[in-house]
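The block underneath contains the structure these notes are about, expressed in structure tokens.
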Amino acid sequence: MRGIMDECTHLRNFARPVDTSLITVVCARNDGYVPRDSVTPLADIWPGLEVRYVDAGHVTAFLLHQNVFRSAIKDSFERARNKYYEKSHQSRKSA
């Protein structure tokens, strides 16, 4: 099962996002399902992304640290807005 899941979910199997600097990944330090040791670091697969860690396992991270996930989503949208939309909005205002 692990081999099938690794083959189907490994990020190298998917196209690289256009702007990886907008990605924020939340990882559980004690995750028994998604390994962190002896695998290619996420930053090597998608350079520029941000990785945040929670001290929990796979399910516990989701159940008890939803604020971290929400913050990661919010911060990624903020980065996109600041990088792509604030400049174009400001240039339209000054024109």
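The values are calculated or read from the model by the stated rules, or taken from the named source; none is laboratory data. What you are looking at is a predicted structure, and each value in this text was computed from that prediction instead of being measured. Virtual Cβ from ideal backbone geometry, glycine too; neighbours counted across all protein chains shown. Note: areas computed on protein heavy atoms with side chains; ligands, DNA, RNA excluded. Shrake-Rupley method; radii C 1.70, N 1.55, O 1.52, S 1.80 Å.
Some notes on this structure:
- Residues in the stretch 28-63 that are assigned to a helix (DSSP H, G or I), surrounded by 13 or more Cβ atoms within 10 Å (Cβ to Cβ) and over 12 Å from the mean Cα position of the chain (by Cα): His58, Thr60, Ala61, Phe62.
- Counting the residues of the stretch 64-79 that are among the hydrophobic types (A, V, I, L, M, F, W, C) and open to solvent by 90 Å² or more (accessible area, probe 1.4 Å) gives 3.
- Tabulated pairs, the stretch 77-88, first under 15 Å from Gly48 (Cβ atoms) and among the small types (Gly, Ala, Ser), second in a helix (DSSP H, G or I) and at pLDDT 95 or above, C-beta under 8 angstrom, 6+ apart or interchain: Ala80/Leu22
- Among the residues of the stretch 15-69, the ones that are closer than 26 Å to Tyr84 by Cβ and β-branched (Val, Ile, Thr) come to 9 in all.
- Among the residues of the stretch 1-27, those that are open to solvent by less than 50 Å² (accessible area, probe 1.4 Å) and either within 21 Å of Ala56 (Cβ to Cβ) or not in a helix (DSSP H, G or I) (or both) comprise Pro17, Asp19, Ile23, Thr24, Val25, Val26, Cys27.
- Condition met for Arg92 (charged (D, E, K, R), modelled with pLDDT under 80 and either in contact with a Pro (Cβ under 8 Å, 6 or more places away or on another chain) or open to solvent by 60 Å² or more (accessible area, probe 1.4 Å) (or both)): yes
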